[in-house]
Amino acid sequence: MAEEFKRLERKLVYKGSIVDFYKDTIQVPNGNVVQWDFIRHQGAAAVVPVRADGKLLMVRQYRNALDRYTLEIPAGGLNGADEPTKDAAARELEEETGYVAGGMEWLITIRTTVAFCNEKIDIYVATDLKPGHQHLDEDEFIHVEAYTVEELCGKILSGEIEDSKTISAIMSYRAKYHS
């Protein structure tokens, strides 16, 4: 791979509360100069909460980008680029489900949209769950539901679950713990 790409300029177009949008000017290996979109995200963490009965806790919430409810694993953005993702996953677990984990183990790291965004999500498995209290943001309305791994795989294959982090997490969890 001797091809060389050279970023000539990165211009901030919009600074948002979750992402920043840039226009990059890139010189490609044949010498042409092109413009590419780039979205900077400070990262996120997600968690597969496993109850003592083996069922996984999921959150059903409205997603504006899709204009509908989705079924997902609990997740959220980091409170700063330096926040350890394990801490963020534990925080999101309690905020969204009301449970606290006695054990938290790294499962997988994903990059959600490598063509134009640097978002990285570290996904953990939470075990030894203890009930606590949900701490929802004022714009969050989350319903907690429990499913078996088999039920969730069925929802993935039927197209009900389309969220990439959730699909990656459930299939990785199944491969690691149910093979």
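Every number here is computed from the coordinates shown, using simple stated rules; none is lab data. What you see is a predicted model, and the numbers here were worked out from it, not measured in a lab. Reconstructed Cβ throughout: ideal geometry from the backbone, glycine too, with neighbour counts over all protein chains shown.
Just subtract the alpha-carbon distance of ARG51 and ASN30 from 0.36 nm times their residue separation and send over the number in nm, one decimal.
Values: separation 21, 0.36 × 21 = 7.56 nm, distance 5.45 nm.
Full-extension gain reported as 2.1 nm.
Based on the alpha-carbon gyration tensor of the chain, what equivalent-ellipsoid semi-axes (square roots of 5 times the eigenvalues) come out, in whole Å, largest first?
Values: eigenvalues 228, 67, 49 Å².
The three semi-axes for the chain are 34, 18, 16 Å.
Within the chain, which complete DSSP H helices have Cα atoms spanning at least 18 Å along the helix axis and a mean Kyte-Doolittle hydropathy of -1.0 or higher? Write out the running numbers ahead of the final one.
Numbers: long enough: 164-177 (19 Å, -0.25).
Long hydrophobic helices here: 164-177.
What is the Å³ per residue value for the convex hull set by the Cα atoms of segment 112-176? Present the calculation step by step, with values, prior to reporting the outcome.
On the way: hull volume 10.1 nm³, N = 65.
Convex hull volume per residue, Cα atoms: 155 Å³.
Modelling each spin label as a point 7 Å along the Cα-to-Cβ direction, I'd like the GLU4/THR109 distance in nm, to one decimal.
So the label points at GLU4 and THR109 sit 2.8 nm apart.
According to a simple spin-label model (label point 7 Å from Cα along Cα-to-Cβ), what is the distance in nm between HIS133 and LEU12?
In this crude spin-label approximation the distance works out to 3.8 nm.
Treating only the Cβ of Lys, Arg, Asp and Glu as charged (+1, +1, -1, -1), what charge dipole size does segment 43-177 show about its Cα centre? Round to the nearest 20 debye. Spell out each step's value before the answer.
Numbers: 14 positive and 24 negative charges, 106 e Å.
Dipole size: approximately 500 debye.
Label LYS120 and ALA65 with points 7 Å out from Cα along Cα→Cβ: what is the distance between them in nm?
About 1.9 nm, to one decimal.
So how do 41-49, 81-89 stack up, highest first, on mean other-Cβ count within 10 Å? Mind dumping the intermediate values first?
Details: 41-49: 23.4, 81-89: 15.9.
Taking the mean over residues of other Cβ atoms within 10 Å, the ranking is 41-49, 81-89.
For segment 101-109, in order, what is each residue's ³J(HN,Hα) by Karplus, 6.51 cos²θ - 1.76 cosθ + 1.60 with θ = phi - 60°, in whole Hz (x at glycine and Pro)?
8, x, x, 9, 10, 4, 10, 6, 10
For segment 1-75, compute the orientation-averaged projected area of the C-alpha convex hull (one quarter of its surface), in nm². Please report the intermediate quantities before stating the final value.
Values: hull surface 34.6 nm².
For segment 1-75, the mean projected area of the Cα convex hull comes to 8.7 nm².
Please list, ordered by chain and number, the residues whose modelled amide H lies under 5 Å from the amide H of VAL47; skip anything fewer than 5 residues away on the same chain.
So VAL47 has HN proximity to TYR124.
Have a look at VAL59, LEU93, SER172 and report the one farthest towards the positive end of the charge dipole of segment 43-177, computed about the Cα centre with Cβ charges (Lys/Arg +1, Asp/Glu -1).
SER172
So what's the gap between the Cα centers of segment 1-55 and segment 133-179, to the nearest angstrom?
Spelled out, the Cα-based centre of one part sits 25 Å from the other.
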